[in-house]
Amino acid sequence: MRSLLMTLVAVLLVASGCTSGSETDQPTRPAEAVPTDAAADLVAVGVDWPRADGVLDVAAAPAAPAGFSAEMVERMAGVLADWATATTVDRDVWHSATPVDDVVRALPAEVGASLRTQTKDSVSPGLAVANVFADEVTVIGAPAVTTAWRVSTETDDDGQQLVVLQLQTRAAYEVRLGDDAPTRVIGVLRVHGLSAYPGTTTDFGVSGGWQEFGAGDCALALDDELVPGGDVAESAEDLKAFVKIGDGDELTMPALDPDDRVDAGYLQRCRDNAT
């Protein structure tokens, strides 16, 4: 059976602004990007979802489409649940120096190898694989998380049909940047996807993508980590869109302007302090 390697969805973001980089050729964090004394918590932004303290409660996967076995789709769903648990609710991964290693350990060998290959050249390789926070960011309590499935079928260039199963996590984290800082909220949408031809056992295709809400923009590209954004009002507006998705039953990733993608151009704009 042939393996299918699907291209990883481009990493996406929602907010704008710029935060700190390294001590070499990257700008320091401008004062306006440092969170003010305004506080926000999960209740304030409208999140009343179940808390996931290291364990992700995932609903039953969708039924297998015609032409694909229930056993195969259930196997794919199990892999996706393990993958989503590692990326979203594993506390060891949130501040890991090597998040890809931690996530890959939770996956079958073929899936982990594909994920590692697809993300190694990302502008933000850590955030490409997991929800990773800056060392100075404390995650307060367990995140509030909802999930959504999507199953679909596609036809490849040779006319063969394949199934695509996706699991989205919508995770809201209450955080604090520094010991005495006010609480803030960062939301992350993350899609984990596997694809397979009929009869596939382990050589699944891999796809995925993520978006953040309420985080500092350039820290994503320069530091490869999540920190609270500096504009409380702007973060509140972004989080409204995030909460609406998390309250829903369907897997949704908002369409964004190409300039808001974390790619080489975005990284350069952050380095130039132009965002």
Within the chain: Cβ-based charge dipole about Cα centre, in debye rounded to nearest 20 (Lys, Arg +1; Asp, Glu -1): 540 debye
Karplus-derived HN-Hα couplings along the stretch 169-176 (A = 6.51, B = -1.76, C = 1.60, θ = phi - 60°), whole Hz, x at Gly and Pro: 9, 10, 10, 10, 10, 8, 9, 9
Summed side-chain charge close to Asp238 - residues other than Asp238 whose Cβ falls under 10 Å, Lys, Arg +1, Asp, Glu -1: -3
For the stretch 164-238, size of Cβ-based charge dipole, Lys and Arg +1, Asp and Glu -1, in debye: 460 debye
Summed residue charge, Cβ within 10 Å of Thr88's Cβ, Lys/Arg positive, Asp/Glu negative: +1
For the stretch 210-275, fraction of C-alpha pairs farther apart than 17 Å, in %: 47 percent
Residue-wise HN-Hα coupling along the stretch 94-100, computed from phi with Karplus coefficients 6.51, -1.76, 1.60 (Hz; x: Gly, Pro): 4, 10, 6, 6, 9, x, 4
Amide H contacts of Leu226 (H built 1.01 Å from N, under 5 Å, at least 5 apart or other chain): Val132, Phe133, Ala134
Percent accessible area from carbon and sulfur atoms, the chain, protein chains only, probe 1.4 Å: 49 percent
The chain - mean residue ellipticity at 222 nm from DSSP helices (-39,500 (n - 2.57) per run, n ≥ 4, rounded to 500): -8000 deg cm²/dmol
Segments 230-238, 53-61, 158-166 sorted - mean Cβ within 10 Å per residue, highest first: 230-238, 158-166, 53-61
Share of pairwise Cα separations in the stretch 128-222, more than 20 Å, in percent: 50 percent
DSSP loop trypsin sites (Lys or Arg not before Pro) with at most 13 other Cβ within 10 Å excluded, longest remaining stretch of the chain: 121-275
The stretch 145-275, relative contact order in percent, only Cα pairs under 8 angstrom and at least six apart counted: 21 percent
Kirkwood-based shape ratio for the chain, expressed as Rg/Rh from alpha carbons: 0.97
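The values are calculated or read from the model by the stated rules, or taken from the named source; none is laboratory data. Note that the coordinates shown come from a computational prediction; the quantities given were computed from them, not determined experimentally. Using ideal geometry, Cβ is built from the backbone for each residue, glycine included, and neighbour counts are taken over all protein chains shown. Surface accessibility is based on the protein's heavy atoms, side chains included, excluding ligands, DNA and RNA. Shrake-Rupley method; radii C 1.70, N 1.55, O 1.52, S 1.80 Å.
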